[in-house]
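Enquirer: This is the structure I want to talk about, given as structure tokens.
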Amino acid sequence: MSARVTVALRVNGRAYERVVESRRLLVDFLRHELQLHGTHVGCEQGVCGACTVLLDGEPVKSCLMLAPQAHGHSITTVEGLAGRGELHAVQQAFRDAHALQCGYCTPGFLLAAVALADHGVALEGAALREELAGNLCRCTGYQNIVEAIERYLRQAAGGRRDG
Amino acid sequence: MKPAPLEYLAAATAEEALAALARFDGNARLLAGGQSLVPLLSMRLLRPTAVIDINGIRGLDRIAAGDGVVRIGALARYSALQASAVIRERVPLLAKAVPFVGDRQIRNRGTLGGALCHADPAGEMALCAVTLVARLRIVGRAGRRELDAEAFFQGPYTTALEPTEMLEAVEFPDGAGAEAVVVEHARRHGDFAVVSVAATGLPAPDGSWRWIRIGLGAVADRARYARRASEGLAGTRLQPADVEAAAARCLEDAEPAADVRASAEYRRHLLPILVERALGELARRRR
Ligand SMILES: Cc1cc2nc3c(=O)[nH]c(=O)nc-3n(C[C@H](O)[C@H](O)[C@H](O)COP(=O)(O)OP(=O)(O)OC[C@H]3O[C@@H](n4cnc5c(N)ncnc54)[C@H](O)[C@@H]3O)c2cc1C
Ligand code: FES
Ligand code: FES
């Protein structure tokens, strides 16, 4: 117990260990200690979803966790999605459907979508919008985001049936 | 918007958490889901010396039914409540209320115990606890005590918990067979309620209701059980005249305040409308 603590965790499959101030927010830990700048900071009060990451596979807002809370856990950020030189299927779907403008909200939406696919959820329309209510976008009006994620979820469900 | 310096301690057991609370003598806060506490830290509305993380305490999230109650550990997360068949079947009001809380990410972290201890007058969990007369099991270094939800909530963001105590579990009466409805008016979906109404009851074979309980959210300094309205509905068939009388009684129990979300007058306007809507839907459930 102290004002500084050791945080050892896995991010995108890779192990990291850092000694940080206890008050460090997880989002700032990812951006400043690990130099993973893909996770964005919007409101810093849990409303906008720009900072969404996966904690042990579940979407959470990384501005609402202290970094020490992630000790021993596994985090996925947007940097963990694309393979070498190749977009992840959800990223390709966003590109195809023109689902981003400034891109600030995009990493959060991508991770929320990946969690749905990982859980085998293939939602559309109002039910999908309900699931995405924790992610705000100020640019697109959501239509294309919802279309991109519908496409991606259908594709992911199809892949599971085939494979 | 960053928290002030603080110490962080991960408690592995309830005893460890209580010992740490005692050591910091009221200047430490338990950290459960963090979905209310972390924003308060970031805004520096709270500056505790230490936070004591209770997420690692084994079994504190257990959900179990027995002896006529459903006992839910303080650390049970909203998403676990949503996924639980026991909750759906035996505490249907809670199952109906959870989807109104925040969004997926918030529900993946936020806990029942954290929500009750935060005691937001618009909180859905407090509304359910008061409506169903839940029993709150509290531990302190001196031992355990139990309080009814109505005695636990003392005002906005204020509870009967001592700063060195911890909420351990919440017991809801087993409501197998009951019907439940939650209606809410919010400025945006997922936002905190402007007014919320919970209604739950047990249908009798003859078409009447054995009992009905109505709870009112965000129309007083804490969630309210509408006792007179509820008692007046026991044995009725929820005919239009019964419903109208209940709505009028609920309005008498309301003492709404004005805040950023709505004026007191608007809340008074909404309340009977939402009570009638909730009871109307409850009545339709059994047809
Ligand atoms: C964007 C957003 C939207 C939200 N929308 C809603 C909504 O619509 N409705 C709603 O009701 N809530 C809403 N919330 C709040 C949410 O429900 C919180 O999860 C809840 O209020 C607190 O639960 P927690 O587990 O996160 O507690 P924490 O934030 O960890 O703790 C809250 C308080 O309770 C204390 N505490 C926690 N656990 C215990 C315990 N076991 N014993 C003693 N003290 C304890 C803490 O010390 C702290 O003071 C929202 C939050 C956000 C960020
Ligand atoms: S920055 Fe975390 S929700 Fe907005
Ligand atoms: S693309 Fe700009 S905020 Fe969503």
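Rule-based calculations on the coordinates, nothing more; no lab input. These numbers were taken from a predicted model, which means no experiment stands behind them. Using ideal geometry, Cβ is built from the backbone for each residue, glycine included, and neighbour counts are taken over all protein chains shown.
Enquirer: Can you give the percent of C-alpha pairs in segment B:7-53 whose distance is more than 11 Å?
Expert: In whole percent, the long-distance tail amounts to 64.
Enquirer: What translational D, rounded to a whole number of µm²/s, comes out for the protein assembly as shown from Stokes-Einstein when the hydrodynamic radius is the Kirkwood one over Cα pairs, at 25 °C and 0.890 mPa s? Write out the running numbers ahead of the final one.
Expert: Numbers: Rh = 23.1 Å.
The Stokes-Einstein estimate is 106 µm²/s.
Enquirer: With +1 on each Lys and Arg Cβ and -1 on each Asp and Glu Cβ, how big is the dipole of chain A about its Cα centre, in debye rounded to the nearest 20? Write out the running numbers ahead of the final one.
Expert: Numbers: 16 positive and 17 negative charges, 57 e Å.
It comes to approximately 280 debye.
Enquirer: What GluC sites (Glu not before Pro) does segment A:84-163 have in DSSP loop regions with at most 15 other beta carbons within 10 Å?
Expert: A:124
Enquirer: Give me the percent relative contact order of chain B, please, defined on Cα pairs under 8 angstrom at least 6 residues apart.
Expert: Relative contact order of chain B: 15 percent.
Enquirer: Choose one of A:32, B:220, A:71: the residue whose Cα lies farthest towards the positive end of the charge dipole of the protein assembly as shown (beta-carbon charges +1 Lys, Arg; -1 Asp, Glu; about the Cα centre).
Expert: Working it through, the farthest residue towards the positive pole turns out to be A:32.
Enquirer: Further question on the same structure: Based solely on its DSSP helices, what 222 nm [θ] is calculated for chain A when runs of n ≥ 4 H residues each add -39,500 (n - 2.57) and the sum is averaged over all residues, nearest 500 deg cm²/dmol?
Expert: -9000 deg cm²/dmol
Enquirer: Separation of segment A:49-67 and segment B:113-167 by C-alpha centroid, Å?
Expert: Centre-to-centre (Cα) distance: 27 Å.
Enquirer: Full-extension gain between residue A:82 and residue A:124, please, as 0.36 nm times their residue separation minus the C-alpha to C-alpha distance. Can you show the working numbers first?
Expert: Working: separation 42, 0.36 × 42 = 15.12 nm, distance 2.41 nm.
In short, 12.7 nm is gained.
Enquirer: At a temperature of 10 °C and a viscosity of 1.306 mPa s, determine how fast chain B diffuses translationally according to Stokes-Einstein, using the Kirkwood radius over alpha-carbon pairs as Rh; express D in µm²/s, rounded to the nearest whole number.
Expert: Roughly 82 µm²/s, to the nearest whole number.
Enquirer: Same structure, new question: Given the options B:166, B:125, B:43, state which has the largest fluctuation in a GNM of chain B using a 10 Å cut-off (strictly under) for Cα springs.
Expert: Top of the fluctuation ranking is B:43.
Enquirer: Relative contact order for segment A:1-122 using alpha-carbon pairs under 8 Å, separation at least 6, rounded to a whole percent?
Expert: Answer for segment A:1-122 is 28 percent.
Enquirer: Roughly speaking, what is the stretch gain from residue A:56 to residue A:73, that is 0.36 nm per residue apart minus the C-alpha to C-alpha distance, in nm to one decimal? Working shown, then result.
Expert: Details: separation 17, 0.36 × 17 = 6.12 nm, distance 0.64 nm.
In short, 5.5 nm is gained.
Enquirer: Using θ = phi - 60° and the Karplus form 6.51 cos²θ - 1.76 cosθ + 1.60, what ³J(HN,Hα) does each residue of segment A:39-55 get, whole Hz, x for Gly and Pro?
Expert: 7, 9, 10, x, 8, 6, 9, x, 9, 8, x, 4, 8, 4, 10, 9, 9
Enquirer: For chain B, find the longest principal axis of its Cα atoms and tell me its angle to the long axis of helix B:14-23, 0 to 90°, nearest 10.
Expert: Here the helix axis deviates by roughly 60 degrees.
Enquirer: In the Gaussian network model of chain A, springs joining C-alpha atoms below 10 Å, which of A:115, A:70, A:133 carries the largest mean-square fluctuation?
Expert: Maximum fluctuation in the GNM of chain A, among the listed residues, is at A:133.
Enquirer: Going by how many other beta carbons lie within 10 Å of each one, how would you line up A:61, B:96, B:2, fewest first?
Expert: B:2, B:96, A:61
Enquirer: Distance in nm between label sites at residue B:252 and residue B:191, each 7 Å beyond Cα in the beta-carbon direction?
Expert: With each label placed 7 Å out from Cα toward Cβ, I get 3.3 nm.
Enquirer: Rg to Rh for segment A:93-163: what is it, with Cα atoms only and Rh by Kirkwood?
Expert: Dividing the radius of gyration by the Kirkwood radius yields 0.95.
Enquirer: Taking each pair of distinct Cα atoms in segment A:4-80 once, what is the resulting Kirkwood hydrodynamic radius in Å?
Expert: 12.0
Enquirer: Below 8 Å, C-alpha to C-alpha, sequence gap of six or more: please give me the relative contact order for segment B:108-218 in percent.
Expert: Dividing the mean separation by the residue count of segment B:108-218 yields 26 percent.
Enquirer: Compare B:214, B:57, B:87 in a GNM of chain B, Cα atoms joined below 10 Å, and give the one with the largest fluctuation.
Expert: Answer for the Gaussian network model of chain B: B:57.
Enquirer: What full-extension length gain, to one decimal in nm, is calculated for residue A:96 and residue A:18 as 0.36 nm per residue of separation minus the Cα-Cα distance? It would help to have the intermediate numbers written out before the result.
Expert: Working: separation 78, 0.36 × 78 = 28.08 nm, distance 3.84 nm.
Additional length available on full extension: 24.2 nm.
Enquirer: Let me ask you something else. How big is the Rg/Rh ratio for chain A, C-alpha atoms only, Rh by Kirkwood, two decimals?
Expert: Rounded to two decimals, Rg/Rh equals 0.99.
Enquirer: While we're on this one: So for segment B:1-95, what are the equivalent ellipsoid semi-axes in whole Å, largest first, each being the square root of 5 times an eigenvalue of the Cα gyration tensor?
Expert: Each semi-axis is the square root of five times an eigenvalue, giving 30, 16, 9 Å.
Enquirer: Continuing with this model, one more query. Taking the inverse of the average 1/r across all pairs of different Cα atoms in segment B:63-173, what Kirkwood radius in Å do you get?
Expert: That comes to 13.9 Å for segment B:63-173.
Enquirer: Follow-up question, since we're still on this one. Please give the calculated 222 nm ellipticity per residue for chain B, where each DSSP H segment of at least 4 residues contributes -39500 (n - 2.57) and the sum is spread over every residue; nearest 500 deg cm²/dmol?
Expert: On the way: 12 runs with 102 residues, N = 287.
The helix-only estimate for chain B comes to -10000 deg cm²/dmol at 222 nm.
Enquirer: P(r) tail for segment A:43-137, what percent of Cα pairs lie past 16 Å?
Expert: 57
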